[in-house]
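**Q** Here it is: the structure, laid out below.
The values are calculated or read from the model by the stated rules, or taken from the named source; none is laboratory data. Please read these numbers as outputs of a predicted model, since none were measured by experiment. Methodologically, a virtual Cβ is constructed for each residue, glycine included, from the backbone with ideal geometry; neighbour enumeration extends over all protein chains shown. Side chains included, ligands, DNA and RNA excluded: accessible areas come from the protein's heavy atoms. Shrake-Rupley method; radii C 1.70, N 1.55, O 1.52, S 1.80 Å.
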Amino acid sequence: MHIEYDRDTCIGMFQCVAEWDAFERDEDAGKAVLTDSEEEDGVFVREIPEDAEFDAKFAARACPVEAIAVYDDDGEQLIP
């Protein structure tokens, strides 16, 4: 399972930061940062550890602008 985060879409509400500790505040940019991620075509991608799947899904659901998407191991989008 992996998560994709479109930082350009982010509006800095930091809902994701409250839900999963893999997201951190970047106060200077006014946007969240997805730690331990790699940028691919302007989107930040990171594998989700099994013990963090619930928190990662909740972070994606909490994003008011759907800048975060969660995909299963087959590449099917689960959230949003």
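**Q** With springs connecting C-alpha atoms under 10 Å apart, model the chain as a Gaussian network and identify which of 39, 66, 47 has the largest mean-square fluctuation.
**A** Of 39, 66, 47, the Gaussian network model singles out 39 as fluctuating most.
**Q** How much length is gained on full extension from residue 28 to residue 8, taking 0.36 nm per residue of separation minus their Cα-Cα distance?
**A** Working: separation 20, 0.36 × 20 = 7.20 nm, distance 1.45 nm.
Using 0.36 nm per residue and subtracting the Cα-Cα distance, I get 5.7 nm.
**Q** Considering Cα pairs under 8 angstrom that are at least six residues apart, work out the relative contact order of the chain and quote it in whole percent. It would help to have the intermediate numbers written out before the result.
**A** Working: 153 pairs, mean separation 30.6, N = 80.
Here the relative contact order equals 38 percent.
**Q** Let me ask something else. Rounded to the nearest whole Å², what accessible area per residue is found for the chain with the 1.4 Å probe?
**A** Numbers: 4850 Å² over 80 residues.
Per residue, the chain has 61 Å² of solvent-accessible surface.
**Q** Just 48, 11, 68 to compare: in a GNM of the chain, with alpha carbon springs under 10 Å, which one fluctuates most?
**A** Residue with maximal mean-square fluctuation among 48, 11, 68: 11.
**Q** For the chain, take every pair of Cα atoms, bin their distances at 10 Å starting from 0, and report each bin as a whole percent.
**A** Each 10 Å bin holds this share of Cα pairs: 21, 61, 18, 1.
**Q** Whenever you get a sec, compute what percent of the accessible area on the chain sits on carbon and sulfur atoms (1.4 Å probe).
**A** Working: 1940 of 4850 Å².
Carbon and sulfur atoms account for 40 percent of the accessible area of the chain.
**Q** Just from its helices, what would the mean residue ellipticity at 222 nm be for the chain, if runs of 4 or more DSSP H residues each count -39500 (n - 2.57) and the sum is divided by every residue, rounded to the nearest 500 deg cm²/dmol? Write down the numbers at each step before the final one.
**A** Values: 2 runs with 15 residues, N = 80.
When only DSSP H runs of four or more count, the value is -5000 deg cm²/dmol.
**Q** In degrees from 0 to 90, rounded to the nearest 10, what is the angle of the helix 53-62 Cα long axis to the longest principal axis of the chain?
**A** 50 degrees
**Q** Provide the net charge surrounding residue 30, with neighbours chosen by a C-beta distance below 14 Å and charges set as Lys +1, Arg +1, Asp -1, Glu -1.
**A** -2
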